[in-house]
Amino acid sequence: MKILMVQRFDLVNISCARRVLAMAQELTRRGHQVILTNFPHPERRKEQPNLLSRLPEEISYLDLDRSGRKLLRNRARVHEVARDCHLLHLWKCYPDAAIPCLWTAFRLRKPVHYDWDDYETGISKELTGSDFVSGVVSLWEQTVPRLADTVSVASAALKEKALACGVLPERLWDTPVGADLEQFQPASEEPSGPPCLVYVGQLEVAAFAELAVHAFSLLARRHPTVQMVIVGGGRHLERVGAQVKRLQLERRVRLTGYISAHAIAGILKQATVALAPFKDNQITRCKSPLKIVEYLASGLPVVASRVGEVPKMLEGCGITVPPDSADALAEAVRLLLDHPERRQAMRKQARRRAEKVYNWSRTVDNLEAAYTRAIELQKKS
């Protein structure tokens, strides 16, 4: 099968693009041909030259122009490339990607699969602070699922939204995030030396590193040797750094900024406990957090907030606490640090959970089924 995956980011330096890249790689391993759109961001590439690593060579790329004035040109390029494709896979509902994809599908009578992995209305409001922008995104987010032949959702909350939009149950598939089981591997044994907590996540939208730092500051009083690493970059990085300085934790908390997935895997191997704090809102309820499945694949016990998909993901291999509570996070971490036998049991269960449930192979099994159904529906129409 030849698939054109239409998305709207610079694949080099946007961490959430790891989802679509991982899916594309797994599809190519299964013998499919994948073309993936890319929106290069010149300014970010200048700011982060260390991230200009090569994209996976087995995937083909179609570079599009991020300027809104180039929308018609982008549409024409997508149309040309899609002529001999069997299906178009749309990731995210934003019009800069959705318009070229849906227009092309209509003109060429190609099936469309929509990949819904976040509550984009809430994310756009948090990013822009604009009710108008989030209103426009909301319109697209409610319309695109109805126009697609099949839809995949990353969480139970998004499935409810899809059904409310009018998507028929037989056109819906579950596709939670997965971990790269080869890249993210557990250490052969728990690292020696002072305990180390880790928080991984982009510091842009729905990021809660400050909550993790607050919890660490409470824990640090009772555990004077414990260290912490905050992995990720974004517009909130400076604010997190200021918090660390204000709490006088500079010698015990390290901020990495943006780093590669390979480097993240190395840091997770050195960690003792992983943190995934969240607030309880529409964005977090709809998420299938990538950080959690990569923690699991790395064999880490996890302390996370009890919201959305998280309790199901951490069944038997983590502790969940009330959302937005630094005190509860700190107490749960203290419990694990004081009971090494409990950590060891969770380390084993975490990796098993990733191998059985949360990996890209299982996710793409469902994706292939959705593709097949979309093609069948298009032929009947």
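Every number in this text was worked out from the coordinates using simple rules, so none of it is lab data. Note that the structure is a prediction, hence the values are computed from the model and not measured. Here the Cβ is made from the backbone with ideal geometry for all residues, glycine too, and neighbour counts use every protein chain on show.
Things to note:
- With neighbour counts taken as other beta-carbon atoms within 10 Å, the residues ASP280, ASP118 rank, fewest first, as ASP280, ASP118.
- Cα-centred dipole magnitude for segment 196-356, charges only on beta-carbon of K, R (+1) and D, E (-1), debye, nearest 20: 320
- Rounded to the nearest 20 debye, dipole of the chain from Cβ charges on Lys, Arg, Asp, Glu: 300
- Net charge of Cβ neighbours under 14 Å - reference ARG69; Lys, Arg +1; Asp, Glu -1: +2
- Cα centroid of segment 110-133 to Cα centroid of segment 222-276, whole Å: 29
- With a cut-off of 15 Å between beta carbons, the residues surrounding ASP149 carry a summed charge of +3, where Lys and Arg count +1 and Asp and Glu -1.
- Within the chain, the selection of entire DSSP H helices by a Cα span of 27 Å or greater along the long axis and an average Kyte-Doolittle value of at least -1.0 returns 360-380.
- Residue of LEU181, LEU197, LEU139 that the Gaussian network model of the chain assigns the largest fluctuation, springs spanning Cα pairs under 10 Å: LEU139
- Formal net charge of residues neighbouring VAL167 (Cβ-Cβ distance under 14 Å; K, R +1; D, E -1): -1
- Selection from ILE264, LEU237, LEU290 lying farthest towards where the dipole of segment 196-356 points positive, charges on Cβ: ILE264
- Proxy reagent accessibility, fewest Cβ within 10 Å first, across MET346, MET1: MET1, MET346
- Residue among ARG306, ARG347, ARG239 with the largest mean-square fluctuation in a Gaussian network model of the chain, springs linking Cα atoms under 10 Å: ARG239
- Shape class of the chain from the alpha-carbon gyration tensor: prolate, with a/c at 1.5 or above and a/b greater than b/c.
- Residues considered: PHE39, PHE208, PHE132. Largest GNM mean-square fluctuation over the chain, using C-alpha springs under 10 Å, is found at PHE132.
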